[in-house]
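The values are calculated or read from the model by the stated rules, or taken from the named source; none is laboratory data. From a predicted model like this one, the values you see are computed outputs, not experimental measurements. All Cβ positions, glycine included, derive from the backbone under ideal geometry; neighbour counts span all protein chains shown.
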Ligand SMILES: [Zn+2]
């Protein structure tokens, strides 16, 4: 994915294929940005190294300075709402998954019932044809 490199930055392609610059850790990995949700540093962004070859290194660096007093007071409330919305989002996602499963089962049942209906229709046509033949024969012999 990496397309160029310097000593501390290199560009890479994100999941949409856009080339974006990334800061390099001393271990060679591109560091990732996260947002703190702790009471001490709510909303404050920081960099962490995902590590390379499955081993995470100890790189950590704050990106944002401490906010102003008003922001520091407001962010915990916003974080509470965010957590509530995320909880609701998780509930809705699980409900969507449940409904998808139910839909899948209903679709399976529909296919079975459709096949059974087709078979019954075929049998009823046979019975109708037999009845017509029998009635015709009866009328012909009379
Ligand atoms: Zn690293």
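Among the residues of the stretch 51-93, those identified as at pLDDT below 85, assigned to a helix (DSSP H, G or I) and within 22 Å of residue 32 (Cβ to Cβ) are 75, 79. Among the residues of the stretch 27-40, those identified as away from the ligand (no atom under 16 Å from the Cβ), closer than 16 Å to residue 82 by Cα and without any contact (Cβ under 8 Å) to a residue 24 or more places away in the chain are 35, 36, 38. Let me confirm something: among 115, 71, which residue is more than 16 Å from the ligand (Cβ to nearest atom) and closer than 30 Å to residue 22 by Cβ? 71 is the lone residue from the list that is more than 16 Å from the ligand (Cβ to nearest atom) and closer than 30 Å to residue 22 by Cβ. Checking the stated criteria, residue 100 turns out to be more than 16 Å from the ligand (Cβ to nearest atom) and either within 24 Å of the chain's Cα centre (by Cα) or surrounded by 12 or more Cβ atoms within 10 Å (Cβ to Cβ) (or both).
Answer yes or no as to whether residue 109 is in a helix (DSSP H, G or I) and at pLDDT below 95. Judged against the criteria, residue 109 is not a match.
Total residues in the stretch 18-45 satisfying the condition of being crowded, with 16+ Cβ neighbours inside 10 Å and either at pLDDT below 80 or closer than 18 Å to residue 78 by Cβ (or both): the figure is 6.
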